[in-house]
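Each value in this text was obtained by applying a stated rule to the coordinates, not by laboratory testing. It should be emphasised that the depicted structure is a prediction, and the values quoted were computed from it without experimental measurement. Reconstructed Cβ throughout: ideal geometry from the backbone, glycine too, with neighbour counts over all protein chains shown.
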Amino acid sequence: MSEGRICIIAGAQKAGTTTLFHWLTTHPQVIPAKKKELHYFDFNYKRGKEYYLSQFKKKDGIFLLESSPYYLFHPEVPRRIKDQFPKANVVILLRDPIERAWSQYRMNYNRGIEKLDFRLALLFESIRTAFSSPDIPESRLQNYSYLSRSKYCIQIIRWLYYFDRKQLFIAIFEDFYQNPQKGIISICEFLKINSNSIQVSADILNKGDQVPMPEHFRNTFGKKIKTDLIQLAKLITPDFGKFETWRTYQRL
């Protein structure tokens, strides 16, 4: 198998990566990871490439597939992937940054990881995550980076530094799942495989608890990310319908 035939769903967290991974694993040419999140390029990189390759199912296929949504945010992952798989294809789904952060917060709250209310969690994020290593599982940086993970521009810049733009498939979560069949066709064209072999369902896996965000939190958060959204639009020049709804935060 060519080492270039690997697809990595890098994130973002709470942006439909579980569902996309499940859909793509139904393609006969895909060799999926034994579990969705291998966390090799963040937490297990020292184990080496042979360990990584051993974590995929034994079956016929033309490319490997894994999905670890922490990869998008981890500062060292793009370089590590480039070093070992320079021809890798990387899929990135970006969700409304405020909804993404709220979904992450609700997940942590329901799991007992988060004790603060959302306002305080945002207020103390930089203090809580300071000096936290990105290579440690369940670190403060991984768990409490609500605002940082939703500032997409700096994250995308890191990936573009190491990879050609043609190796990155960047899509807006809300557009992708509003018309999943169209989204799958686009991603299969990117991967150069036949989309007819993929089983697409209407269900979104690993949904959050659907508790709506209070509006005063939305306004506070929106003010914190508006500069990042302006820069993101210039960086990836998105021609996406739902991205326009994100831009309303720039007016807060």
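Points worth noting:
- Building the convex hull from the alpha-carbon atoms of the stretch 1-53 and averaging its projection over directions returns 4.2 nm².
- The stretch 6-251: relative contact order in percent, alpha carbon pairs under 8 Å with at least 6 residues between: 25 percent
- Once Rg and the Kirkwood radius are both taken over the C-alpha atoms of the stretch 74-207, their ratio Rg/Rh works out to 1.00.
- Result for the chain in a Gaussian network model with C-alpha springs under 10 Å: among Gly11, Gly222, Gly61, the largest mean-square fluctuation is at Gly61.
- Here is the P(r) of the stretch 1-142: all C-alpha pair distances, binned every 10 Å from 0, give 11, 39, 32, 15, 3 in whole percents.
- FRET efficiency, 1/(1 + (r/R0)^6) with R0 51 Å, evaluated for His216 and Asp60 via beta carbons: 0.40
- Helical content of the chain, expressed as a calculated mean residue ellipticity at 222 nm, amounts to -12500 deg cm²/dmol (DSSP H runs of 4 or more residues, -39,500 (n - 2.57) each, divided by residue number, nearest 500).
- Screening the chain for whole DSSP H helices of 18 Å or more along their axis (Cα) with average Kyte-Doolittle hydropathy at least 0.0 returns none.
- Space enclosed by the convex hull of the alpha-carbon atoms of the chain, per residue, Å³: 124 Å³
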